[in-house]
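Structure record follows, encoded as structure tokens.
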Amino acid sequence: MDFEDFIISPGNFKTESWQIGRGITKQIKEDSIVLLFVSDYRGAGGDAEVQNFAGVRKEFYKLSQLDFEIPMVDLGDLVSGKSVQDSHYILQEVLSVCHSMRAIPVVIGGSNDFAFSLFSVLNLHTKSINYTQISNTISLQQGEMINEHTFLSKIFGAKDFGIKNYHHLGYQKHLNEVDSVRLIKEVEFDIIRLAEMMNSTEKTEPFFRKADLVTVNCDAIESFGEPISMNPQVNGLNRREICAYMKEIGLSENLKSVGIFNYNIYSDNQLNHQLLAQMIWYLTEGINIQRSHPKERQYEIFYVLVDERQYAFKRDTFSNLWYFGDDENIENCIPCSRKDFDEAKKGWLNTRLTKF
């Protein structure tokens, strides 16, 4: 498919042989990672004029390519449609081509509502989607127009959408409406507070392990000085933490689509450009590591008694990751942490593990 009518090809940047930019191409390849930059911020109160992502690209292209083997593609900048709905339609056309070629699209920029397009297209290719979102807010507002406040209710409310699990990470109590949080919990989706994500990824890693789709709202990253997001907050994940989580996203065994939204493209701050570039780099590293893992795995099984009932935990001997359940098919077991196992030995079983 010819995208030149609605995608502006990226410029050329001088790079060294060891830098990741040297191997980046501009055409979608099978089994590749495809970067696509979006300038439509109308869903977050911004505008839709084409923005210059050259600062981010310059910082990303000069990072090391290490021993990455997965082809890297930079399609360019998506031209916004006359309406927000038009922009979603154009993006969905591009995403559909990516999925047909088993490529992982990484959509960068644009408002958080573009997660709806990522989910919509993925739903055509994958049923029973595991969706993990990092965002400081949960909004389930109703409305005909799609924006950052309504997109999640549209995902949950669509009859033809197959969502298996939804994990919402990084929410902050003081920023959220009580009813939205209560509703998410009533349907037994997972909500993880910011405090539970800080300092270590160990506790929340299981929420990424089987994710088909992961979106990151940059509003969940702390801002100082020049804001990094469209809705800047003084509290959030710090720079090291968000990069660590981007690597965990890349390590997902089922990853098919990624979005990084609400980035403040109006900022000229080089440090913000560096951080976004490094977030993309750590995501790329995680994907490359996951692809290098052996397909055949071995598991140790441990049985624990809790309230006179026996439960099984499994440990992957290669990755040292833990699962809950005794099904022979590991796909039917629930990703968990070593801490979940240790607490079960003490007699306390995480309720998340028994609700399925």
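The values are calculated or read from the model by the stated rules, or taken from the named source; none is laboratory data. Remember, predicted model here, so these are calculated numbers, not experimental data. So basically every Cβ, Gly included, is an ideal-geometry build from the backbone, and we count neighbours across all protein chains shown. Just the protein is used for accessible areas: all its heavy atoms, side chains included, with ligands, DNA and RNA removed. Shrake-Rupley method; radii C 1.70, N 1.55, O 1.52, S 1.80 Å.
Any residue at all in region 256-268 that is more than 19 Å from the chain's Cα centre (by Cα), surrounded by fewer than 14 Cβ atoms within 10 Å (Cβ to Cβ) and in a loop (DSSP other than H, G, I, E, B)?
Yes, the conditions are met somewhere in region 256-268.
Out of the residues in region 130-139 meeting the condition of being open to solvent by less than 10 Å² (accessible area, probe 1.4 Å) and touching a helix residue (DSSP H, G or I) at 6+ places or on another chain (Cβ under 6 Å), tell me which one is farthest from ILE228 (Cα to Cα).
The selected residue is THR132.
May I ask you to list the residues in region 269-280 that are crowded, with 21+ Cβ neighbours inside 10 Å and either out of contact with any helix residue (DSSP H, G or I) (no Cβ under 6 Å at 6 or more places or on another chain) or under 22 Å from ASP212 (Cα atoms) (or both)?
Answer for region 269-280, where residues must be crowded, with 21+ Cβ neighbours inside 10 Å and either out of contact with any helix residue (DSSP H, G or I) (no Cβ under 6 Å at 6 or more places or on another chain) or under 22 Å from ASP212 (Cα atoms) (or both): ASN272, LEU276, MET279, ILE280.
Starting from residues that are assigned to a helix (DSSP H, G or I) and not charged (D, E, K, R), keep the ones in region 30-59 and report whichever is surrounded by the fewest Cβ atoms within 10 Å (Cβ to Cβ).
Across region 30-59, the extreme among qualifying residues is ALA54.
Give LYS164, LYS203 a once-over and let me know the one that is touching a Ser or Thr at 6+ places or on another chain (Cβ under 8 Å), among the basic types (Lys, Arg) and under 17 Å from ASN350 (Cα atoms).
LYS203
Are there any pairs with C-beta distances below 9 angstrom linking a residue in region 1-29 that is in contact (Cβ under 8 Å) with a residue 24 or more places away in the chain and open to solvent by 80 Å² or more (accessible area, probe 1.4 Å) to a residue that is among the polar types (S, T, N, Q) and outside any loop (DSSP other than H, G, I, E, B), with the two at least 6 apart or on different chains, and if so which?
MET1/SER96; TRP18/SER64
Could you check how many residues of region 341-356 are surrounded by 14 or more Cβ atoms within 10 Å (Cβ to Cβ) and touching a residue at least 60 places away in the same chain (Cβ under 8 Å)?
The number of residues fulfilling the criteria is 1.
Name the residue that is farthest from LEU122 (Cα to Cα), counting only residues in region 174-232 that are of a type in the set (Gly, Ala, Ser) and part of a helix (DSSP H, G or I).
Here the answer is ALA195.
Against the condition at pLDDT 95 or above, within 30 Å of ALA195 (Cα to Cα) and either open to solvent by less than 10 Å² (accessible area, probe 1.4 Å) or in contact with a His (Cβ under 8 Å, 6 or more places away or on another chain) (or both), how does VAL107 come out, does it pass?
Yes.
Out of region 286-314, which residues are open to solvent by less than 50 Å² (accessible area, probe 1.4 Å) and in a strand (DSSP E or B)?
Answer for region 286-314, where residues must be open to solvent by less than 50 Å² (accessible area, probe 1.4 Å) and in a strand (DSSP E or B): VAL304, VAL306, TYR311, ALA312, PHE313, LYS314.
Given the conditions (1) in a helix (DSSP H, G or I); (2) open to solvent by 20 Å² or more (accessible area, probe 1.4 Å); (3) closer than 19 Å to GLY43 by Cα; (4) in contact (Cβ under 8 Å) with a residue 24 or more places away in the chain, and given that SER96 satisfies all but one, which numbered condition is not satisfied?
If we test SER96 against (1) in a helix (DSSP H, G or I); (2) open to solvent by 20 Å² or more (accessible area, probe 1.4 Å); (3) closer than 19 Å to GLY43 by Cα; (4) in contact (Cβ under 8 Å) with a residue 24 or more places away in the chain, just (3) comes out false.
Of all residues in region 4-19, which are within 15 Å of LEU75 (Cα to Cα) and of a type outside the set (Asp, Glu)?
Of everything in region 4-19, those that are within 15 Å of LEU75 (Cα to Cα) and of a type outside the set (Asp, Glu) turn out to be PHE6, ILE7, ILE8, SER9, PRO10, GLY11, ASN12, PHE13.
Does any residue in region 201-219 that is within 17 Å of ILE163 (Cα to Cα) and in contact (Cβ under 8 Å) with a residue 12 or more places away in the chain come within less than 9 Å, Cβ to Cβ, of a residue that is hydroxyl-bearing (Ser, Thr, Tyr) and open to solvent by 10 Å² or more (accessible area, probe 1.4 Å) six or more places away or on a different chain, and which pairs are these?
The qualifying pairs are PHE208/THR201; ASP212/THR126; ASP212/SER128; LEU213/THR126.
List pairs: first residue in region 155-181 and over 16 Å from PHE119 (Cβ atoms), second residue open to solvent by 30 Å² or more (accessible area, probe 1.4 Å) and β-branched (Val, Ile, Thr) anywhere in the structure, Cβ distance under 6 angstrom, at least six positions apart or on different chains.
Taking only residues 6 or more apart or on different chains, the pairs are LEU175/THR137; ASN176/THR137.
Among the numbered criteria (1) farther than 25 Å from MET230 by Cα; (2) open to solvent by less than 20 Å² (accessible area, probe 1.4 Å); (3) out of contact with any Phe, Trp or Tyr (no Cβ under 9 Å at 6 or more places or on another chain), which one does LEU122 miss?
Condition (3) is where LEU122 drops out.
Suppose the filter is among the charged types (D, E, K, R), touching a Pro at 6+ places or on another chain (Cβ under 8 Å) and modelled with pLDDT of 95 or more; does ARG209 pass it?
yes
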